[in-house]
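For reference, the structure is listed below as C-alpha cells.
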Amino acid sequence: MSPQIYLDFNATAPTRPEVIDAMADAMRAGGNASSVHATGRAARSLVEEARRRVAALVNARPDNVIFTGSGTEADNQVLRCVGRDKLIISAVEHEAVMLARGDAIVTPVKPNGVIDLDAFETQLAGGDAVVSVMTANNETGILQPIAEIARLAHKHGALVHSDAIQAAGKIPVDIAAMDADFLSLSAHKIGGPQGIGAVVCRDRSLLSRFVHGGSQENGLRAGTENVAGIAGFGVAAASALAGLDQFAALGVLRDTLERRMADIVPGLTVFGGDQDRLPNTSKVATPGLSSETQVMGLDLAGIAISAGSACAAGRVEAPYVLTAMGVPEELAICAVRVSLGWTTTADDMDKFLEAWRALYERAQRRSATAAE
C-alpha cells in the first residue's frame, strides 16, 4: 500500500494522471515507430511530439534529443561515447556518473557542497577532456555553477556534460544559457514513467552510439522505440514546464518546515541551507537520531522520506555526498532527505512534523533513561 504522505519526490515522482492517460492511449494504438504504414506513422508522430516537448523543457532543438532507456544510460552514453581520453567529475555526482568509467578524475567540493573551481581548473590542464558536473545534487539539492564550469572547461578545450536529472522540471534549465554540450534527463523525476531518459546535445555529431543495432534515434540509440514511455515523457515534460512557478513556491513550505524542525532541535543541521538549492529539497541531520530510525519510524506513520539515493537496492547508502562535503560520519548517519512535489500540502508538512517530533522525543526519553 502506498504511504499516505509521499515526501520522496527526488527518488521518483508519482506518475501524473495525464501521463498515465497518454501512455494508455499510445499502448492501445500500438505500432512500431520505424514502420512506414499508417499505424507506424502514428507512433512516429507521438515520438516526435514528445521529442519537441522534452526539447522545450531545456530550450534545446528537438533533433538534438536522443531517447534512452534511463537517465543512467544517458549519463553512460555521454561519458563513454564522446571520444575524450580524460573524464573529470565532481565528488558529489550520482553513481551513474561516478561508475560510468573507472578512470575518472574527481574534483573536490567545498564544505558548502559547491565544486572547488580552482582545483577544477588545475585538473583541466592538458585538454582532451569531458567534464561531468550535475546541475543539482540529488541528495542536498545544492546547485552547481554550470555556466562558470562550462566557461572554464571550454577555455581548455573540454566538453561539458551536466546530469540535469534532478533539476529539470524543478527549476528553469536552459542548455544554451548553461553553455553545456550535453544534458541527461529522466522522465520519472518529473512525473513521467520509469525506464525512459534522454541525452540532450548541443551538437549530436559529438556523440556516438552506445547501444548497437538498428538506426533508431538518428543512429545514436538502437532498439525499437518505447513509444508509450516516450509519449509519457513528453506529456510529463510539458506539465513540468507549465508548473515551474508552482514548483518554485514549494520553497516556502520547505523553508518553513526547516525552521520548525530547528525550533524543536537546536542542533539540527540543514545541509546547503545557505546555498542556492532546489526549492523542494531538504537534507537535514538530527544528532542522536539515526537515518534508519527516522526513515522506518516515519514509514510506520504513513510518511515516505529517504536517507539518501534510491539506487542502493533497498539498503541505506553510505553518505558519500556528505562525506565529500567534510561532514563527520557521526552526523552524516543521522541525515535524511525530505523532497516535496506538486502533491505536497501544508497539511502534509504538519503531519510530517508531528510524526518526526514524536520520534525525536522518544529518542530523547530513551537517552535520558539510559543515562540514569
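Applying 1/(1 + (r/R0)^6) with R0 = 51 Å to the Cβ-Cβ distance of Arg260 and Arg80 gives a FRET efficiency near 0.70. If R0 is 30 Å, the Cβ-Cβ spacing of His156 and Thr12 corresponds to a FRET efficiency of close to 0.25. Rounded to the nearest 5, the antiparallel percentage of DSSP beta bridges internal to segment 17-242 is 45%. When His212, His156, His188, His161 are arranged by Cβ crowding within 10 Å, least crowded first, meaning fewest neighbours, the order is His212, His156, His188, His161. Note on Leu117 and Arg362: their simple-model spin labels are 4.7 nm apart, each label 7 Å out from Cα toward Cβ. Close amide H pairs (under 5 Å, H built 1.01 Å from N) link Met134 with Ser90, Asp163, residues at least 5 positions away or on another chain. Label positions at Asp25 and Ala147, each projected 7 Å from the Cα along the C-beta direction, are separated by 3.7 nm. Peptides 99-111, 295-307 ordered by packing proxy, namely the average of other Cβ atoms within 10 Å per residue, highest first: 295-307, 99-111. Stretching Asn59 away from Val252 to a fully extended chain increases their span by 66.8 nm, per 0.36 nm per residue minus the current alpha-carbon distance. Normalised by residue number, the volume inside the convex hull of the Cα atoms of the chain is 132 Å³ per residue. Where only DSSP H runs of four or more residues are counted, the chain gives -12000 deg cm²/dmol as its mean residue ellipticity at 222 nm, each run worth -39500 (n - 2.57). Computed extension gain for Arg52 through Ala176, at 0.36 nm per residue and net of the alpha carbon distance, reaches 43.0 nm.
Placing +1 on the Cβ of every Lys and Arg and -1 on the Cβ of every Asp and Glu, with no other charges, gives the chain a dipole of roughly 700 debye about its Cα centre.
Would any residue of segment 199-230 have its amide N under 20 Å from a label point 7 Å out along Cα→Cβ of Val36? List them or say none. In segment 199-230, the label zone of Val36 (backbone N under 20 Å from the point 7 Å along Cα→Cβ) covers 214-219, 223-225.
None of the figures in this text is laboratory data; all of them are computed from the coordinates on show. On a predicted model such as this, the values are computed, not experimentally measured, just so you know. Virtual Cβ from ideal backbone geometry, glycine too; neighbours counted across all protein chains shown.
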